[in-house]
Structure formats: structure tokens, C-alpha cells
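Structure first, then comments.
The values are calculated or read from the model by the stated rules, or taken from the named source; none is laboratory data. Being a predicted model, the structure only gives us computed values, none of them experimental. Glycine gets a Cβ as well: all are built from the backbone with ideal geometry, and neighbour counts include every protein chain shown. The accessibility values were calculated without ligands, DNA or RNA, using every heavy atom of the protein model including side chains. Shrake-Rupley method; radii C 1.70, N 1.55, O 1.52, S 1.80 Å.
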Amino acid sequence: MKVSNADRVMFPEVGVTKGQVVSYYENAAGLMADFVVGRPLTLQRFPKGIAEKGFMQKNVAEHYPASIERYEVPKNEGGTTTYPVVRDVNDIAYLANQGTITFHVWLSTVEQPLKPDYLVLDLDPPEGSAEIVRAVALETRTVLDSFGVESIPVATGSKGFHVWIPLAGKPDFEQVSKASQALAGIVALKIPDLATLEFLKKERKGRVFVDWLRNHPGSTVAAPFSLRPRPRASLAMPITWDELGSTAPDAWTIGNVEDRLSDLPRWPKPVVLPIDHIVKTAEAAGV
DNA sequence: GTCGGGC
DNA sequence: GCCCGACAACGCGGA
DNA sequence: TCCGCG
Ligand SMILES: [Mn+2]
Ligand SMILES: [Mn+2]
């Protein structure tokens with residue numbers, strides 16, 4: 001892949017260049033395929049580096065190659081959004097050369113846009129607290145285990161963790177969203193001093209927001225292995241539950257990730273969510 | 001990063 | 001040919 | 001309708 005302005009410093013604090021960013025994405029592209037290929041993308045771009053203002057981009061630029069699919073979605077109030085959809089993983093590096101730092105992805109593919117193949121619980125901590133968000137993650141795992149649902153945490157590269165659950169059985173967003181809200185509610189009920197479903201930051205009062213709202217049609221999550229626009233060039237890295245206690249949310253960076261890419265945790269097998277059981281359990285508990 | 005207009 | 005400015009999201013829900 | 005939020 002030819003890189004334009006390869007020596008441009010994208011992460012000034014650690015001196016990471018655009019050439020290094022594109023090279024990283026070339027190495028990670030195969031691993032990202034499951035989370036990127038076939039899914040409408042929202043690109044978070046920083047063409048002049050993360051010290052300058054970046055922007056979110058949903059609409060595909062006209063000059064992007066034909067190998068990047070166009071996917072039209074009607075907007076709420078007229079008009080359409082035309083998303084880029086990658087089919088060939090080599091196009092991930094192309095988009096990195098366009099200044100993309102973070103790839104935000106749908107939890108469904110264009111083949112079945114209303115049927116997510118992942119559920120993600122997004123744990124958003126207040127400023128600072130690494131220990132609290134770990135405790136919430138572990139409780140989330142315990143709750144999922146109690147329903148026989150296997151999950152894997154992702155250190156987001158930013159402040160929190162994501163908990164990913166691969167889904168079988170093609171449930172629709174309506175069901176998955178209900179289940180995710182119920183799961184988040186159960187977690188918050190079990191550890192009310194640490195976790196909350198409060199959307200407004202000022203109502204969270206030092207607690208972790210168990211963000212279940214990612215599980216909606218058209219909502220996005222930072223894809224595993226995506227870089228984040230953070231000073232140390234940290235990235236979203238799947239980890240084992242055993243690693244959670246010793247892994248900071250931004251532990252993995254473009255500078256220390258190389259060996260990790262060939263020594264990754266096992267990804268869980270998709271499970272059929274026991275949606276009714278989860279929802280009824282939550283109701284009985286008073287969520 | 002790319003494009004298009006002005007000089 | 002060079003330089004510069006414009007442009008690059010959107011949905012949801014609660015106040 | 002505006003605002004907070006991701
Ligand atoms: Mn988050
Ligand atoms: Mn969130």
C-alpha cells in the first residue's frame with residue numbers, strides 16, 4: 001500500500017507516523033475482518049494527526065475505490081446516508097491512509113441489517129477509576145455465565161472495556177436490545193454503588209455506565225483492533241477474563257502490540273441468547 | 001485527504 | 001502549478 | 001425543539 005505523507009506524525013506524544021498507522025492496519029486487517037467486512041462503517045478520521053480536530057464520517061467519499069461497497073440507508077427526516085462497506089480487507093489500509101484512526105462498526109451486516117450477530121455491553125467509567133470498571137466487568141461476566149452465555153472482554157484503548165457476545169440463531173435487534181437492557185439492569189441492581197444505567201453523566205455519580213444502547217440498528221462500536229485517538233496510540237484489544245485484572249483499558253498500543261497479534265485469546269462460539277429467561281429474570285428482580 | 005476555484 | 005478554504009454524522013430520549 | 005451522549 002502506497003502511503004501519502006508517510007512521515008507525518010499522527011500521534012505526537014509517542015511520535016507515531018502515518019506510515020506506522022497504515023502498516024499496523026495492514027498487519028491487523030485479517031484479524032479485523034470478522035468485525036469490519038460486510039458492515040457499514042463510520043470512520044473517525046484525523047488527517048492532520050490527533051492533535052488537530054478530527055471528524056466522524058458516515059458517507060463514503062466519491063473517490064473511494066469501487067472495491068468499497070456503497071450501502072444506502074434512509075435517514076429519519078428525509079435523504080439517505082451512503083455508508084462505505086469493506087469487502088476486501090486490503091481496503092482497511094486504504095482507509096487508514098485516508099486518515100482513519102478508528103473504525104466504528106455496526107453489530108449487524110448489510111446482508112441482515114436488523115439481525116445483529118454480536119451483542120456488546122459497553123462499560124463507560126467515570127474519569128479515572130480502573131478498578132471500578134474491572135469490578136463491573138467481572139460482575140457482567142458472572143451475570144452472563146448464569147445464563148450460560150460466553151463472553152469476551154475487549155480493552156477499548158480508551159477508558160473502559162467492552163464485553164462482546166457472539167450471537168447464534170439470528171435474533172433481531174428488538175429482542176437483542178431488550179436482552180441487553182435486561183442484562184445491564186441486572187448488573188446495576190447487583191452492584192448499585194458501582195454500576196448504573198443512567199445516561200446523563202451528572203446522574204452517574206462516580207458509577208460505571210453499563211451502556212446497552214449500542215445494541216440498536218445503526219448504532220456503532222469501535223471495532224476490535226482499531227486504534228483510538230489517544231495520546232499513547234492505544235487500541236482496542238480482546239483479552240481473556242484472566243487478563244482483565246492486570247490489563248488497563250489502554251494497555252495495548254501500536255508500540256507494544258506486534259507479538260500479541262499472533263497470540264490472541266480464543267473468541268467464544270456464538271450462542272443462542274435465552275432472551276425470555278433473561279428478560280423475565282430482570283423483571284422478577286425489579287429492574 | 002481531496003477537491004475546486006482564484007491567481 | 002500553487003495555495004487556500006470547504007468539507008468530511010446522526011439517532012435517540014428526556015428536559 | 002434543544003441538548004447530552006456515544
Ligand atoms: Mn465505551
Ligand atoms: Mn458508551
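Below is a table of values for the structure above.
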{"item": "Cβ pairs under 6 Å, 6+ apart, first in the stretch A:163-180 and closer than 28 Å to A:Pro249 by Cβ and of a type in the set (A, V, I, L, M, F, W, C), second assigned to a helix (DSSP H, G or I) and modelled with pLDDT of 95 or more", "result": "A:Val163/A:Thr140; A:Ala179/A:Ile275; A:Ala179/A:Ile278"}
{"item": "Index of the failed condition, A:Lys202 passing every other in (1) within 15 Å of DNA strand C (Cβ to nearest atom); (2) crowded, with 20+ Cβ neighbours inside 10 Å", "result": "(2)"}
{"item": "Complete set of residues in the stretch A:49-94 that are closer than 16 Å to A:Val105 by Cβ, more than 14 Å from DNA strand B (Cβ to nearest atom) and either in contact with a Phe, Trp or Tyr (Cβ under 7 Å, 6 or more places away or on another chain) or open to solvent by 80 Å² or more (accessible area, probe 1.4 Å) (or both)", "result": "A:Lys58, A:Tyr71, A:Val73, A:Tyr83, A:Val85, A:Arg87, A:Ile92"}
{"item": "Qualifying residue in the stretch A:31-54 (condition: within 15 Å of DNA strand D (Cβ to nearest atom), charged (D, E, K, R) and under 20 Å from the mean Cα position of the chain (by Cα))", "result": "no"}
{"item": "Residue selected from the stretch A:86-130 under the condition assigned to a loop (DSSP other than H, G, I, E, B) and within 14 Å of ligand 2 (Cβ to nearest atom), by the criterion nearest to the chain's Cα centre (by Cα)", "result": "A:Leu107"}
{"item": "Residue within the stretch A:72-82 that is of a type in the set (Lys, Arg) and closer than 22 Å to A:Trp252 by Cβ present", "result": "no"}
{"item": "Residue list for the stretch A:133-164, restricted to those being more than 13 Å from ligand 1 (Cβ to nearest atom) and open to solvent by 50 Å² or more (accessible area, probe 1.4 Å)", "result": "A:Leu138, A:Arg141, A:Thr142, A:Asp145, A:Ser146, A:Gly148, A:Glu150"}
{"item": "Any hit, the stretch A:217-232, residues being farther than 30 Å from A:Gly30 by Cα, surrounded by 15 or more Cβ atoms within 10 Å (Cβ to Cβ), within 16 Å of DNA strand C (Cβ to nearest atom) and not aliphatic (A, V, I, L, M)", "result": "no"}
{"item": "Residue within the stretch A:25-36 that is open to solvent by 30 Å² or more (accessible area, probe 1.4 Å), within 14 Å of DNA strand C (Cβ to nearest atom) and either farther than 29 Å from A:Arg134 by Cα or not assigned by TED's automatic domain parsing to the domain that holds A:Phe199 (or both) present", "result": "no"}
{"item": "Search result, residues across the stretch A:195-212 that are aromatic (Phe, Trp, Tyr) and either away from ligand 1 (no atom under 16 Å from the Cβ) or assigned to a strand (DSSP E or B) (or both)", "result": "A:Phe209"}
